[in-house]
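J.: Sharing a structure below in structure tokens format, with a few things to ask.
The values are calculated or read from the model by the stated rules, or taken from the named source; none is laboratory data. Values in this document were obtained by computation on a predicted structure and should not be read as measured data. Glycine gets a Cβ as well: all are built from the backbone with ideal geometry, and neighbour counts include every protein chain shown. The accessibility values were calculated without ligands, DNA or RNA, using every heavy atom of the protein model including side chains. Shrake-Rupley method; radii C 1.70, N 1.55, O 1.52, S 1.80 Å.
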Amino acid sequence: KRQKTDRFKAHRAGSRKLEFWGIPKEKYAGPMTLRIRVGDQLSDPVPITLSNVSRLIPAGVGFGVILVLGGLMYWILRKRLKEFAPHHIGDHRCNPLELFVLDQETDTYSLSKLQFYVWTGVSVFGYVYLTVARSLVQWQFDLADVPANLPGIIFISATTSVVATGVTAARGPKGSGDVHPSLADFITSGGVVAPERFQFLVWTLLGAGAFVAMILLRDPGEIVELPLIPQGFLALMGVSSAGYVGGKLTRTPGPIIDEIVATEGSLTLEIHGRNLSQDATFRIGTKEGDVVLTKDLLEGQEPDKKVKIVTPEDAAEPKGFAKCMSITIANPDPKWTSEKTILTLINPDGQKAAWEFEVKKTPAELARIKASSAEAAAKEARLKLAKLEVEAAAKKTAAQDAAIEAEVVQANANKNAAEKAEAQEKARSLKSEQTQAELLVVKKREESKALDDAAEAADTGAKKAEADELLSLE
């Protein structure tokens with residue numbers, strides 16, 4: 001009956017292969033039996049499954065689930081941040097996406113968190129791909145099995161993240177590096193390239209990428225299980241994770257700066273943080289460049305005591321570390337006291353921490369700045385007034401000349417009445433411009449007087465603030 005009603009296009013792709021197309025998806029889908037007739041000969045029935053979805057659906061659903069789960073976590077974290085104070089790094093407010101891989105203790109990106117998320121995402125994608133392929137493509141509605149070694153790689157990933165957190169708590173964190181986090185944090189510790197971090201990142205990305213590629217290369221109509229993770233690769237990831245954790249154990253804790261309190265005079269910087277070495281070197285500067293602060297640029301009677309430890313580190317080892325230290329710069333660059341400036345502290349092992357600071361102004365200094373701004377505004381207003389007075393004088397002269405010309409034209413009005421009317425109109429127009437210019441001059445004089453009064457009041461306030469400050473110092 002079907003041979004009479006339905007016709008399909010077919011093509012012989014070889015001596016043992018036929019290809020069909022144009023089969024209606026709505027009518028033919030799911031498990032079926034196929035028999036082929038050639039002349040009077042009829043083949044034995046063969047069970048087949050016709051899928052009514054594209055080969056790309058399993059991969060699309062897998063990526064979609066990852067996006068939905070990621071979006072859900074993003075929404076939950078964002079909602080949480082609205083209820084509590086968001087995390088800031090200097091003037092930068094961290095978004096929820098950054099917080100997934102951010103180590104908030106050091107304000108750097110965490111490699112242990114990244115590898116955990118990568119392997120978790122890869123595993124979820126693979127399992128969703130296999131489940132969708134077996135159910136929607138193969139019509140095998142059962143719960144897909146997990147490959148034997150996949151729990152092992154997840155175990156290594158989770159254990160690495162947990163152990164790394166424990167080692168950090170016991171030994172101390174890595175250096176915070178530059179002011180803002182960057183992708184370089186994944187392979188560096190306090191700005192210093194760490195080989196064990198580099199190889200751990202490489203093997204994580206290579207293994208996860210190969211696992212996803214092997215999944216996508218398999219036909220959704222034939223896949224029955226996820227790619228098996230070789231025992232050798234499992235051992236390799238274990239060794240790589242051990243090297244990563246071992247690097248944390250053997251490396252000296254790196255510096256972290258939480259705050260810098262800057263005061264003027266000779267520029268004094270009180271640095272608050274952790275693992276700040278007394279033997280550290282310092283770099284300071286604005287965006288245009290920085291300067292190495294050598295010992296001769298710092299104030300202090302003895303060379304070894306120019307870096308003053310205010311509060312030593314709690315741990316006995318390593319020695320010479322502080323939670324708070326102070327340095328005084330003898331002859332600071334004026335930019336360091338007037339602009340936002342970055343101080344970089346570099347411990348002897350090369351790990352560094354950077355922080356942006358700004359010198360706090362006293363009330364007297366703020367009053368002087370306000371008075372100076374008011375005086376500059378008054379000066380600018382006086383210059384504009386002088387310019388307007390010159391323009392008004394020029395218009396007045398032009399109006400007088402026009403009036404004379406009008407009188408001459410009027411005397412000769414009998415000769416040309418049209419010229420007389422035109423001259424009178426021009427004289428009236430110029431007279432009106434003269435009046436407007438004089439009114440504008442009067443208005444600007446009043447504004448200039450108001451600005452002069454404001455500048456005088458601001459100057460008086462600044463002198464009073466300085467006097468109050470001197471009295472408070474006495």
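J.: Percent relative contact order of the range 30-70, based on C-alpha pairs within less than 8 angstrom and at least six residues apart?
T.: 33
J.: Oh, and also: Which cross-chain or sequence-distant (5 or more) residues have an amide H under 5 Å from the amide H of Val192, H modelled 1.01 Å from N in plane?
T.: Those lying under 5 Å, H to H, from Val192 are Lys352.
J.: Find how many whole Å separate the alpha carbon centroid of the range 441-474 from the alpha carbon centroid of the range 219-249.
T.: So the two Cα centres are separated by 73 Å.
J.: Please give the helix 363-411 orientation as an angle from the longest Cα principal axis of the chain, in degrees from 0 to 90, rounded to the nearest 10.
T.: 60
J.: How much length, in nm to one decimal, is gained on full extension between Ala386 and Phe63, taken as 0.36 nm per residue of separation minus their Cα-Cα distance? Spell out each step's value before the answer.
T.: Values: separation 323, 0.36 × 323 = 116.28 nm, distance 7.03 nm.
So the extension gain works out to 109.2 nm.
J.: Let me ask something else about it. What is the set of long-range amide H partners of Ile89 at a cut-off below 5 Å, with H atoms built 1.01 Å from backbone N?
T.: Amide H to amide H, under 5 Å and 5 or more residues apart or across chains, Ile89 pairs with Cys94.
J.: Can you pull the one-decimal nm distance between simple spin-label points at Leu228 and Ile23, each 7 Å off the Cα toward Cβ?
T.: Placing both labels 7 Å along Cα→Cβ, they lie 3.1 nm apart.
J.: Say each of Ser338 and Arg171 gets a label point 7 Å from the Cα, pointing the same way as Cα to Cβ; how far apart are those two points in nm?
T.: 4.7
J.: Assuming R0 = 60 Å, can you tell me the calculated FRET efficiency for the pair Ala467 and Phe155, based on Cβ-Cβ distance, to the nearest 0.05? Don't skip to the answer; put the middle values down first.
T.: On the way: r = 72 Å, r/R0 = 1.20.
The formula returns an efficiency of 0.25 here.
J.: Here is a further query. For the range 115-228, state what percent of all Cα-Cα pairs lands in each successive 10 Å bin, counting from 0 Å until the bin that includes the largest distance.
T.: Whole-percent P(r) values from 0 Å outward: 12, 35, 26, 16, 9, 1.
J.: Next up: Along the range 31-37, what does the Karplus equation 6.51 cos²θ - 1.76 cosθ + 1.60 (θ = phi - 60°) give for ³J(HN,Hα), rounded to whole Hz, x for Gly and Pro?
T.: After applying 6.51 cos²θ - 1.76 cosθ + 1.60, I find x, 8, 10, 10, 10, 10, 10 Hz.
J.: Among the chymotrypsin sites (Phe, Trp or Tyr not before Pro) in the range 3-55, which ones are in a DSSP loop with at most 11 other Cβ atoms within 10 Å of the Cβ? Mind listing them? Walk me through the intermediate numbers first.
T.: Values: sites: Phe8, Phe20, Trp21, Tyr28; in loops: Phe8, Tyr28.
Here the chymotrypsin sites (Phe, Trp or Tyr not before Pro) that fit, given the DSSP loop and packing criteria, are Phe8.
J.: Okay, next question. For a quick check: with amide H placed at 1.01 Å from N, whose amide H comes under 5 Å from Asp258's, ignoring anything fewer than 5 positions away on the same chain?
T.: When sequence neighbours closer than 5 places are left aside, the close amide H contacts are His272, Gly273, Arg274.
J.: How large a share of the accessible area of the chain, in percent, is made up of carbon and sulfur atoms when the probe is 1.4 Å and the other protein chains stay in place?
T.: Numbers: 16900 of 29080 Å².
Answer for the chain is 58 percent, counting heavy atoms of protein chains only.
J.: Then there's this: For the chain, calculate the relative contact order in percent as a whole number, restricting contacts to Cα pairs under 8 Å that are 6 or more residues apart.
T.: Values: 665 pairs, mean separation 54.2, N = 474.
The value is 11 percent.
J.: Here's something else I'd like to know. With percent of Cα pairs over 45 Å apart in mind, check [x] 51; [y] 37; [z] 30 and report the label derived from this structure.
T.: This structure yields the entry labelled [x].
J.: Hey, what's the chain come to in accessible area per residue, 1.4 Å probe, Å²? If you can, show how the numbers build up before the last one.
T.: On the way: 29080 Å² over 474 residues.
Each residue of the chain exposes 61 Å² on average to a 1.4 Å probe.
J.: Further question on the same structure: Quick one: of Lys370/Lys443; Lys340/Lys463; Lys370/Lys444; Lys340/Lys379; Lys335/Lys443, which pairs are farther than 32 Å apart, Cα to Cα?
T.: Numbers: Lys370/Lys443 25 Å; Lys340/Lys463 27 Å; Lys370/Lys444 22 Å; Lys340/Lys379 29 Å; Lys335/Lys443 40 Å.
Long pairs (Cα-Cα over 32 Å): Lys335/Lys443.
J.: I would also like to ask the following. Using R₀ = 35 Å, calculate the FRET efficiency as 1/(1 + (r/R₀)^6) where r is the Cβ-Cβ separation of Lys449 and Glu405; round to 0.05.
T.: The formula returns an efficiency of 0.40 here.
J.: Which FRET efficiency value, to the nearest 0.05, do you get for Lys79 and Leu216 by plugging their Cβ-Cβ distance into 1/(1 + (r/R0)^6) with R0 = 41 Å? Display every interim value, and only then the final one.
T.: Numbers: r = 34 Å, r/R0 = 0.83.
Efficiency, rounded to the nearest 0.05: 0.75.
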